[in-house]
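What follows is a set of notes on a single structure, which appears directly below.
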Amino acid sequence: MANRWKNNLLNSEITPEVIWLNRRQIISSALSLGFCGTIAGPVSAEVLTPNSWEDITSYNNYYEFGTGKGDPAANAHNLNTEGWSIVVDGMVDNPGRYSLVELLTGLTLEERVYRFRCVEAWSMVVPWNGYELKDILDIVGVKPGAKFVSFETALRPDEMPGVKYNVLDWPYREGLRLDEAMHPLTLMATEIYGKPIPNQNGAPIRLVVPWKYGFKSIKSIVRITLTDTEPQTSWNMSNSREYGFYSNVNPTVNHPRWSQASERRIGGGLFAKRKPTLMFNGYEDEVAHLYDGMDLAKFY
Ligand SMILES: Nc1nc2c(c(=O)[nH]1)N[C@H]1C(S)=C(S)[C@@H](COP(=O)(O)O)O[C@H]1N2
Ligand SMILES: [Mo]
C-alpha cells in the first residue's frame, strides 16, 4: 500500500531528455498493461486497475461548466487552452507571466523528470502524468517567509457557461501550505492515461494532491501566488463548516452530512462493495509527519 505512489518511470537510468521526447510512448506502453502497479518496483506492490477513460472523462466536477456531473464533458470543449500561461506572483524571486512551455521546460535536464503516478482517490483510480509542483516552485524561487501557495482557475465567461451562476465565488481558488506544496506527491498534472488532460478534467494543467479530497485538485490553473497568510479557498468560502482548508482524507472526521469512513469506487456499479477509507487516502507513511501535533478535527 505504502508503495503505490512510488511508480515513477525510470528516471536517473535514462537520459531525462529521452524520457521527455518519448514520454507518450513510454507511458502508454506501461499503461497498456492496464495496471498501475510499481513499474520497476517490488512485485509485491499493490496493483490497481485504473477506471476507464469513459468513467474519468464523463463524470466530472468543474462548476465553471455547470454543476451537473455531465456538464463539464458537454461544455468544456469551449475552453481554449492554446498558448496557456500562468502568472506567478507574491513571495517569489522571479514573479511574472510564464508560458506553460517555459514553466515546464525551464527545468534543467537533471530536474526534468516526467512523473507517472497512479492515484487512487476520490473514488476513482486515475493514471496521472505531470511535474512535481516543487520543480515549478524551484524555478520561480520561493522567498523565505512564504508559508502558503494559492491557485486560481481561469475565469472566462465567454467560454465557461457556469460562471454566470454564483454557485461559487469566482475565480475558483485553492491553497496548500508550502510544505504540502513541496511534497514529492504533489503533482501538477498535464496528462491522463498518457494523453493530454481533457478539458473537463482540467486542461492544460491541474493540481493533484493524492492525500486530500477531490476539491483540492484545482483545474486549468492560471495563477499561483506565494503568501505568508492562509489563502482563501472556494469551497471553504462557500461552506466553511463542511470544507476546511486542509481537506485531508480522514475517515475519523465526518463530513457534517455524511460519514467518510467508507467509499465506493465509481464504475464499480451501484452494488460495488464499499471499502474503508484510509487515513490520508493510504499515504499515511508519506505525509502524516506534515501534521504532527495538529488537531486534525480542528484543522479539517
Ligand atoms: N476550477 C475548478 N476546479 C475543480 C472543481 C471545479 O468546480 N472548478 N471541482 C473540484 C472537485 S469538487 C473535484 S471532485 C475534482 C474533480 O476532478 P475530476 O473531474 O478530474 O474527477 O475537481 C476539482 N477541481
Ligand atoms: Mo469533489
Fill in the blank from the handout: Subtracting the Cα-Cα distance of Trp258 and Ser240 from 0.36 nm times their residue separation yields 4.9 nm
Exercise for the section: Note down the nm distance, to one decimal, between modelled labels 7 Å out along Cα→Cβ at Glu230 and at Asp138. Expected result: 3.0 nm
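Exceeding 20 Å between C-alpha atoms, which entries from my cross-link table qualify? They are Lys143/Lys212; Lys219/Lys298; Lys134/Lys219; Lys216/Lys298; Lys212/Lys275. Intermediate values should be presented prior to the final figure.
Working: Lys143/Lys212 26 Å; Lys219/Lys298 27 Å; Lys134/Lys219 18 Å; Lys216/Lys298 18 Å; Lys212/Lys275 17 Å.
Flagged as over cut-off: Lys143/Lys212; Lys219/Lys298.
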Exercise for the section: Taking 7 Å along the Cα-to-C-beta vector as the label spot, tell me the Lys164-Lys275 distance in nanometres, rounded to one decimal. Expected result: 4.4 nm
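Values quoted throughout were computed directly from the atomic coordinates according to the rules given, and no laboratory measurement underlies them. The structure presented is a predicted model; accordingly, all values stated were derived computationally and were not measured. Positions of Cβ are generated from backbone atoms using ideal geometry, with glycine treated the same way; all protein chains shown enter the neighbour counts.
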